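The values are calculated or read from the model by the stated rules, or taken from the named source; none is laboratory data. On a predicted model such as this, the values are computed, not experimentally measured, just so you know. Positions of Cβ are generated from backbone atoms using ideal geometry, with glycine treated the same way; all protein chains shown enter the neighbour counts. Quick note on the areas: whole protein, heavy atoms, side chains included, nothing else; ligands and nucleic acids left out. Shrake-Rupley method; radii C 1.70, N 1.55, O 1.52, S 1.80 Å.
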Amino acid sequence: MEDNQLARIIVVTSGKGGVGKTTTSAAIAMGLAKKGHKTAVIDFDVGLRNLDLVMGCERRVVYDLVNVINGEAALNQALIRDKRCNQLYILPASQTRDKEALTIEGVGKVLEELAKEFKYVVCDSPAGIEKGATLAMYFADDAFVVTNPEVSSVRDSDRMLGILASKSKRAENNEEPIKEYLLLTRYSPDRVKLGEMLSVEDVQEILSLHLLGVIPESKSVLNASNSGIPVILDEKSDAGQAYDDVVARYLGEDRPHRFIDEEKKGLFGKLFRSK
């Protein structure tokens, strides 16, 4: 069993849809793999399936997560190696099956098998508390809670935290709880100033989570998704740089937070504002 503890299982989750979970899962997985860690990213959104599009490997999908759970394919037949980074593998979701195809035993077995070979396993969870989401969360070691800076998104994320705390394998076994990190996406300092969005401080006050990163509102995210390229590979874009910071911080590097203040408002602006 010792070996199985080597892999770290990360769930990327949120209470609400459309906050950027798949974008985040793709970027984080690519970022970890680019740093030399063997990483697998799994799409848990049975019936919808988006991760393969964002990763640009939709034409290479032959088998999927449900095929593996049902014993219709071996795990290594279903895993797709990323063409840009040989440390990264994608396990797609089934587009045609029912969500009931996912079982706790089936998912557990797949993760156990992946844990023997991979350093990180990133689980791209569907929104809310449907079956795919609860199963993705159940086995997690770390949770990236993705939220937009708006009241409904933050409130829904708060609900997810309760589930992460109570309905996980770690909770059941009285082990150390899942480590929870906050990822704030689609952030616009200008709109915060206009009162149209919650500030980073507002969100942290409500959720009181360790802030792993702030991803700015950026057209590059949509462009990257449409081109099948994880946005972290767009090193010139703010969003790409922000995700790179997130991966570095997750791996223990100390990097200052960027993209939180308005342009050209340096440290002085921040100091005077906080008084």
Over the stretch 145-237, what is the mean sequence separation of C-alpha contacts under 8 Å (at least six apart), divided by residue count, expressed as relative contact order in percent?
30
Sorted from largest to smallest, which semi-axis lengths in Å does the alpha carbon gyration tensor of the stretch 8-250 give for its equivalent ellipsoid, taking the root of 5 times each eigenvalue?
27, 21, 16
Report the Cα centroid-to-centroid distance between the stretch 203-239 and the stretch 108-172 in angstrom, as an integer.
19
Mind checking the per residue accessible area of the chain for me, 1.4 Å probe, whole number of Å²?
48
Can you give me the % of accessible surface on the stretch 121-275 that is carbon or sulfur? Probe 1.4 Å, all protein chains present, nothing else counted.
50
Among the listed pairs LYS83/LYS109; LYS35/LYS167; LYS83/LYS167; LYS34/LYS109, which are separated by more than 30 Å between their Cα atoms?
LYS35/LYS167; LYS83/LYS167
Rank ILE163, ASN173, PRO230 by how far each Cα sits towards the positive end of the charge dipole of the chain (+1 on Lys, Arg Cβ; -1 on Asp, Glu Cβ) and give me just the farthest.
PRO230
Report, in whole Å, the centroid distance computed from the Cα atoms of the stretch 46-104 and the stretch 24-41.
16
Taking the simple approach of a point 7 Å from Cα along Cα-to-Cβ for both ARG60 and ASP202, what is their distance in nm?
4.2
So for the pair ASP254, ALA171, with labels modelled 7 Å out along Cα→Cβ, what separation do we get in nm?
3.4
When you count, for each residue, the other Cβ atoms within 10 Å and take the mean per peptide, how do 228-234, 162-168, 114-120 rank with the highest first?
228-234, 114-120, 162-168
Unit charges at the beta carbon, dipole of the chain: most positive-side option, TYR250, ILE104, GLY195
GLY195
Where nothing but the Cβ of Lys and Arg (+1) and of Asp and Glu (-1) is charged, how large is the charge dipole of the chain around its Cα centre, in debye to the nearest 20?
600
Computing the accessible area with a 1.4 Å probe over protein heavy atoms, can you report the carbon and sulfur percentage for the stretch 1-68?
47
